[in-house]
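Everything below concerns the one structure shown next.
What follows is calculated from the coordinates using simple rules that are stated; it is not laboratory data. Everything quoted here is computed from the prediction, not taken from an experiment. We place every Cβ from the backbone using ideal geometry, glycine too, and count neighbours over all the protein chains shown.
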Amino acid sequence: MTEKIKALTKKQLETLKNKLLEEKESLVFNEVKTEGLDLTLINGGDDVEQSISDYNNSHQLRFRNREVFYAKKIEKALKKFETNEFGLCSECGCWIRFERLLARPTAEMCIICKEESERDESSSFVGRQSKSLGKVVDLTGMLA
Ligand SMILES: [Zn+2]
């Protein structure tokens with residue numbers, strides 16, 4: 001099951017870093033744009049405009065929270081370049097495939113660990129079930 005994955009080349013790392021920087025820039029651009037929009041709406045004055053501005057603000061806030069969350073992930077990924085940890089799985093320490101990182105440059109786990117962590121969540125339920133099944137078997141054994 002343990003498939004050897006080659007370390008990322010310098011060129012691949014550079015590609016991924018540029019991708020992250022591009023994503024980061026597009027987020028910053030959005031932030032500046034929405035902030036400008038906020039100001040004009042708040043300065044608008046009367047009640048109707050105020051409620052529209054409230055609606056827009058809450059809408060934008062939700063959108064921005066998502067952006068801030070993503071920006072943090074990008075920031076975290078970029079920091080890993082400084083410590084030469086980028087591309088390494090946070091679980092097992094093996095290399096994450098270049099193709100996976102290209103699709104999701106903020107990925108922190110290799111696909112095997114990611115799948116395993118997802119399976120753990122569902123298998124804990126199965127585990128509990130089979131344990132209670134074992135008790136049922138024990139009981140019938142005692143009755144016989
Ligand atoms: Zn892993």
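How far, in nm, would the chain grow between residue 117 and residue 6 when pulled straight, counting 0.36 nm per residue and subtracting the alpha carbon separation?
37.7 nm
When a footprinting reagent is the concern and you count Cβ atoms within 10 Å, what order do 68, 48 take, fewest first?
48, 68
Extension gain residue 49-residue 81, at 0.36 nm per residue separation less the Cα-Cα distance, in nm?
Computed gain between residue 49 and residue 81 is 6.9 nm.
Considering only Cα-Cα distances, which of the following residue pairs are longer than 19 Å: 10/72; 17/114; 24/79; 19/80; 19/79; 24/73?
In this structure, 10/72; 17/114 exceed 19 Å between Cα atoms.
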